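Have a look at the structure below, then the notes.
The values are calculated or read from the model by the stated rules, or taken from the named source; none is laboratory data. Please read these numbers as outputs of a predicted model, since none were measured by experiment. Using ideal geometry, Cβ is built from the backbone for each residue, glycine included, and neighbour counts are taken over all protein chains shown.
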Amino acid sequence: MAVDKTLMKRIVEHVPLGEGFFDEIWDTNGKLRPHYRKLIPLFQEVEVEEFRQWDELAKITFFNQGVTFNVYSDKSKGVERIFPFDLLPRIIPSKEWEIIEKGIIQRNHAINLFLYDLYHDKKIIRDKVVPADLIFSSAFYNREMIGLTPPANVYIHVTGTDIIKHSDGRYYVLEDNLRCPSGVSYVLSNRDIMKKVLHHAFSKYHVKTVTQYPEKLLSTILSVAPKGVDKPNCVVLTPGIYNSAYFEHSFLAQVMGLTLVEGRDLFVDKNFVYMKTIHGPKRVDVIYRRIDDDFLDPLVFRPESVLGIPGIMGAYRAGNVTLINAPGTGVADDKAVYTYVPEIIKYYLDEDPILLNVPTYRCERADELQYVLEHMHELVVKPVDESGGYGVFIGNRKTKAEIEEYKKLILDNPRKYIAQPIMSLSVQSTFIDNDNSYDPRHIDLRAFALMGKDNTYVLEGGLTRVALTKGNLIVNSSQGGGSKDTWVLEHE
Amino acid sequence: MLARIANNLFWMARYLERSEHITRYAQVHYFSSIDAPLSIKRESVLESVLQMAGAYTDYVNKHDELEETQVVKFIGLDDLNPISVRYSISRARENARGARDSISTELWETINTYYHYTNSIQAEDIAEQGMYEYTHRILQYSSIVNGYIDQSLLRDETWSIIHLGQHIERAVQIMRMIVTKLMDLNRIPNNHWASTLQLFEIVNLLKSTETYDMSKIFYKDVPNATYTLAFLTLNAQCPKSIVYNLQQIKDCIDFISDDKNVKEGSLEFQANKMLATLSFTTIEEVAKNPLAFYYECLNQLYKLSDLLEKKYLTY
Amino acid sequence: MNEYVITYQAQNHYPEVVTEGIFDFMVLPCNDDSQVVTATEFSNSLEEQAFQFKNVYGFDVTRLRTDKKFDALDFSVKIKVRKRNAISNHTKLTASPDEDDMLSQPDFQLDHHLYLTKTTYTNITNGHRSLIPIKEKGMPISTFIHELMDHIQDLVQYQKGVTTVQTTADQVLDIKGGVCQDFTHVFLAMCRYNGIPARYVSGYLNNPHGNHDDESMHAWLEALIPGYGWVGYDAANRCKTDINYIKVAHGVDYRDCAPLKGVIKTNSLDQKTEHNVTITIQ
């Protein structure tokens, strides 16, 4: 007997949302946006059981590949989990991607010039574009970097820019991750698994490839080797197998054909770095390090660090080894400095920013203070010198009295506060296990970029992160977030 | 190659090899005991398995009686028992994880899947599926792992180190089986059942070392103790024999070594000497005092392993 | 002009064998307007070759690395230095009238930001803020610094064994006692709080008068006085530095100038280090 497919419950349906939401798939009239028109029917034709099989295949593949993270308890063994992965890809039309790509290149270019300036002449501070206090009080301002010029003047070889689409349909940068951004291995694994499970969907689109990232990263690494080194020995430095990003570290080392080292494999002698091989020491020229500045050199930074290599900063300062990214880049990606990025772009490049920053009102300016005081209910107000969410005031969740209270705090010390509109992340349908169907969830995008001696590259895709809890805006994997494959289309 | 990675790979191979041999020994003895001659006690079979695995004392300290499910649990599933299959495979997998970028994806994924299998299996599962299913799966995984080691790795230092670990552990485990069996044979009372029981134990040894079929093809005769020992010790064509494994060990060391002059007491010297000595040993010499012979051989092998660790695996 | 012979010795003992070690010594006097090193001679019990390089501030670091096994390490260096007084003892620093103005210039502050920014060692938090004297407008900086030193003497007693190399200025004010580096951290914090650039200095003190002096190296600070440059002051001894102060290095605080830092591979956390310094005039 033939099954009447029209009677079947479809797993993906349009869920009308209230105002203030931007749905990636359906427009406000419930019509499919053009770039999803070929994809959604594929998901609507499939029965739950078959979809479950796809899902299971994806999960098993992740599990067997070891794309997992460990939840350690006091028992000797940890429980292994995979990061939740959703099979419905996020699609970015080529026109939109063009803006993102150009915007990231512009942004990183300016930030790299900014870092050089901070550790040299500090013109931007002298010209009073960025306040001195903001820089020198930052925990990430690294004195060891003063006056040091890294090869090809590149500080931020590898970056991950967090971007959201607001309810106005435009892209905004939320954060520049300039230290050791992680997640790129998931972009590659996600795509790999998507191709195995949903190969038929790819035939309907021209999706830009992400598979060249390892080669691009390798050429970036090679391009900044110390001068005079013909065949640089490059390594990836990991904190070890218990680090939550270990999979990524070993993955990147493997796909680039580089040696994956831990701090204890390396040592410094007479300002050169060596690794301990079975045949004795072998010189190391470039280190793509996935450990934080603080842990790099126990002789200079945290003395108790066992992850780092004692003496490495001396070798770095002498130009005998290149570190990727350069130490001290964190000074440019903290919350307060973020608000100055549009000015930083303008200052160094004399261009208007291509990608929007979340607009920031600085209460130290009289006109902006006035605006903030009048729009408290629709703003997030934060103290500039606190981190980790302390003292953050979210206007739409406060009572009148609380608002008045907070206004007093701002008026007491306007310099201390900045305010931003409450941003709303766009939503996209995500499979919810318990409901056996798709439901809209908030998403963002981490876009990865590379900067070498003469090349810049933005990975055409990126990690779309999903907040799995309904209404939640936090997409971090540590907060139970999942991910989706991101398809950048070749043309419209 | 990093010394730490070499250390990881060496121990990865040893742990993998170890659990394969212990599992096969347990499997063979478990199934042969089902229809064993009457005078073979179930307890002595369990004891033999524990002895071979080197876990007898530990087991006795923790349990009141020799009991089948307890022994299976102890040798197969105990998280804390360092010779258990689960422990060995989890160590092998941790070592492989630390050297993930040095081995092939195929090899890694097999070891990882193998680990997830041994880690998820419970005593109830074994009770339900039977011992055969459990031990068979483990031996199958072992074969796949060995296949990928041979098929998916460059013949370079990485492969040589893994191979060294495999062959050292294989030689050790084969000798442990021989020694345990010699003791089992010594316990057989001198009555008219003796020859039946001896044959039973010798066939168990051949099956446990996966050489039953090979030896039959080679000898075309009823197995006896002398030919079995000769086959497992001195036959250069038998891939499980001590001499065969020593040849592999020596070849791997020669490949890795960059020492041109071999000094007395060095790793290269020890490997060459062991192989040469064994190559010129006759089965009559072995048979004079077989236990002493194998104990000495084991000691020499442990010494070789120590030298190897000192020279290449310390970081 | 004095010519000094300085010997610095460090003896380290470890309860368990050490299989690898790296040590950075900052014990060589620097060359500047007032002092010249004429000879140096290193030795160490492991017979490793010492390696020298400059740190971020341009001061010599002497590094020893070994993968020999050891449970004791002796390191010694013998140095000859010629020293003259940077500013004659009798010179009275006359303040330029625009001193205050200089201190408040953004460019001036930017050029010396390292020595104006508080660090973990040189932070005085709210609880102790009231202990910081505020310089009156028009008061010469050098006069203020002398008053500061008097003030610190009232707050902190010279006392050995009550602090460690990790003690911060805030903690010193709680303990009310400490040694030269503790005085210096409090002193640095108070200068910087008043907008006077000040840097931590480590070095040797030729001590004919039996002043306060640690067994190993001494610590004081240099303050930037417009019109004169960096001038040395010793809060532990309440004086301006003179020909008896032989400078090794400066930095923002102790961490930049620690005479010995090391990382070793061993199984025990315990270790014992003895420093011994002798200074003689030739």
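The residues of the stretch C:57-78 that are within 14 Å of chain A (Cβ to nearest Cβ) and of a type in the set (D, E, K, R), listed by number, are C:D60, C:R63, C:R65, C:D67, C:K68.
Remark: pairs (first residue in the stretch B:95-121, among the basic types (K, R); second residue in a helix (DSSP H, G or I); Cβ separation under 7 Å; 6+ apart in sequence or on different chains) = B:R100/A:S250; B:R100/A:Q254; B:R100/B:W108.
C:P106 meets each of the listed conditions (1) over 26 Å from A:I125 (Cα atoms); (2) surrounded by 12 or more Cβ atoms within 10 Å (Cβ to Cβ) apart from (1).
Output the residues belonging to the stretch A:28-48 that are exposed (fewer than 13 other Cβ atoms within 10 Å of the Cβ) and assigned to a loop (DSSP other than H, G, I, E, B). Matches in the stretch A:28-48: A:T28, A:N29, A:G30, A:K31, A:R37. When A:V229, A:V261 are checked against the criterion of being within 28 Å of A:D454 (Cα to Cα), surrounded by fewer than 18 Cβ atoms within 10 Å (Cβ to Cβ) and out of contact with any Gly (no Cβ under 9 Å at 6 or more places or on another chain), A:V229 stands alone in meeting it.
Does B:Y115 satisfy the condition of being more than 14 Å from chain A (Cβ to nearest Cβ) and buried (at least 18 other Cβ atoms within 10 Å of the Cβ)? If you could, list the steps in order and put the result at the bottom.
On the way: more than 14 Å from chain A (Cβ to nearest Cβ): no; buried (at least 18 other Cβ atoms within 10 Å of the Cβ): yes.
In short, no.
When the residues of the stretch A:438-492 are filtered to those that are among the basic types (K, R) and more than 18 Å from the chain's Cα centre (by Cα), the one that is modelled with the lowest pLDDT is A:K470.
I'd like to check something: does the stretch A:110-125 contain any residue that is basic (K, R) and more than 14 Å from chain C (Cβ to nearest Cβ)? The answer is no, given that none of the residues of the stretch A:110-125 is basic (K, R) and more than 14 Å from chain C (Cβ to nearest Cβ). Taken residue by residue, the stretch C:17-35 has at least one member that is away from chain A (no Cβ under 11 Å), small (G, A, S) and under 17 Å from C:V201 (Cβ atoms). Among the residues of the stretch B:122-144, the one identified as within 14 Å of chain A (Cβ to nearest Cβ) and among the hydrophobic types (A, V, I, L, M, F, W, C) is B:I144. Of all residues assigned to the stretch B:260-271, none qualifies as being surrounded by fewer than 16 Cβ atoms within 10 Å (Cβ to Cβ), assigned to a helix (DSSP H, G or I) and under 23 Å from the mean Cα position of the chain (by Cα). Kindly indicate the residue of the stretch A:281-314 that is of a type in the set (G, A, S) and in contact with a Pro (Cβ under 7 Å, 6 or more places away or on another chain) and also farthest from A:C234 (Cα to Cα) among those meeting that condition. Result: A:S305.
Mind telling me which of the residues C:T19, C:T40 ends up being surrounded by fewer than 20 Cβ atoms within 10 Å (Cβ to Cβ) and closer than 20 Å to C:N206 by Cβ?
Testing whether each residue is surrounded by fewer than 20 Cβ atoms within 10 Å (Cβ to Cβ) and closer than 20 Å to C:N206 by Cβ leaves just C:T40.
Could you say whether any residue in the stretch C:79-102 is away from every other protein chain (no Cβ under 14 Å), within 27 Å of C:K265 (Cβ to Cβ), of a type outside the set (D, E, K, R) and under 22 Å from the mean Cα position of the chain (by Cα)? Within the stretch C:79-102, not a single residue is away from every other protein chain (no Cβ under 14 Å), within 27 Å of C:K265 (Cβ to Cβ), of a type outside the set (D, E, K, R) and under 22 Å from the mean Cα position of the chain (by Cα). If you check C:D67 against the conditions, is it over 30 Å from A:I124 (Cβ atoms), in contact with an Asp or Glu (Cβ under 7 Å, 6 or more places away or on another chain) and of a type outside the set (F, W, Y)? So C:D67 passes the test.
Here's the yes/no breakdown for (1) charged (D, E, K, R); (2) at pLDDT below 95; (3) crowded, with 23+ Cβ neighbours inside 10 Å:
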site: B:A171; (1), (2), (3): no, no, yes
site: B:I174; (1), (2), (3): no, no, yes
site: B:D184; (1), (2), (3): yes, yes, yes
site: B:R187; (1), (2), (3): yes, yes, no
site: B:H192; (1), (2), (3): no, yes, no
site: B:Q198; (1), (2), (3): no, yes, no
site: B:S208; (1), (2), (3): no, no, yes
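Residues are listed down the side, and each one gets a yes or a no for (1) over 18 Å from the mean Cα position of the chain (by Cα); (2) crowded, with 22+ Cβ neighbours inside 10 Å; (3) polar (S, T, N, Q):
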| site | (1), (2), (3) |
| --- | --- |
| B:R24 | no, no, no |
| B:Q27 | no, no, yes |
| B:S39 | yes, no, yes |
| B:A55 | no, no, no |
| B:D64 | yes, no, no |
| B:I89 | no, yes, no |
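Tally up the residues in the stretch A:216-274 that are assigned to a loop (DSSP other than H, G, I, E, B), within 13 Å of chain B (Cβ to nearest Cβ) and of a type in the set (D, E), please. Residues in the stretch A:216-274 being assigned to a loop (DSSP other than H, G, I, E, B), within 13 Å of chain B (Cβ to nearest Cβ) and of a type in the set (D, E): 1 in total.
Scanning the stretch A:354-387 for residues that are of a type in the set (A, V, I, L, M) and farther than 22 Å from A:G330 by Cβ returns A:I354, A:L356, A:A366, A:L369, A:V372, A:L373, A:M376, A:L379, A:V380, A:V381. Taken over the stretch A:307-325, residues that are in a loop (DSSP other than H, G, I, E, B), surrounded by fewer than 24 Cβ atoms within 10 Å (Cβ to Cβ) and within 9 Å of chain C (Cβ to nearest Cβ) amount to 1.
A single member of B:I75, B:I5, B:I22 is within 14 Å of chain A (Cβ to nearest Cβ) and either out of contact with any strand residue (DSSP E or B) (no Cβ under 6 Å at 6 or more places or on another chain) or over 28 Å from B:L304 (Cα atoms) (or both), and it is B:I5. Quick check on A:V268: is it buried (at least 20 other Cβ atoms within 10 Å of the Cβ) and either on the phi > 0 side of the Ramachandran plot or without any contact (Cβ under 8 Å) to a residue 60 or more places away in the chain (or both)? Against the criterion (buried (at least 20 other Cβ atoms within 10 Å of the Cβ) and either on the phi > 0 side of the Ramachandran plot or without any contact (Cβ under 8 Å) to a residue 60 or more places away in the chain (or both)), A:V268 qualifies.
The residues on offer are B:S48, B:S39, and the sole one that is among the hydroxyl-bearing types (S, T, Y), in a helix (DSSP H, G or I) and away from chain A (no Cβ under 14 Å) is B:S48. Comparison of B:I283, B:I249, B:I253, B:I202 shows that the only residue that is within 14 Å of chain A (Cβ to nearest Cβ) and in contact with a helix residue (DSSP H, G or I) (Cβ under 9 Å, 6 or more places away or on another chain) is B:I253.
So that you can scan it fast, the table gives a plain yes or no per residue for (1) in a loop (DSSP other than H, G, I, E, B); (2) surrounded by fewer than 17 Cβ atoms within 10 Å (Cβ to Cβ):
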| site | (1), (2) |
| --- | --- |
| A:E50 | no, yes |
| A:E56 | no, yes |
| A:K59 | no, yes |
| A:L87 | no, no |
| A:E101 | no, no |
| A:I104 | no, no |
| A:N108 | no, no |
| A:I111 | no, no |
| A:S138 | yes, no |
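Considering (1) touching a residue at least 60 places away in the same chain (Cβ under 8 Å); (2) in contact with a Gly (Cβ under 9 Å, 6 or more places away or on another chain); (3) surrounded by 18 or more Cβ atoms within 10 Å (Cβ to Cβ), the lone condition that C:D256 does not fulfil carries the number (2).
Scanning the stretch A:279-301 for residues that are at pLDDT below 95, within 14 Å of chain B (Cβ to nearest Cβ) and part of a loop (DSSP other than H, G, I, E, B) yields a count of 1.
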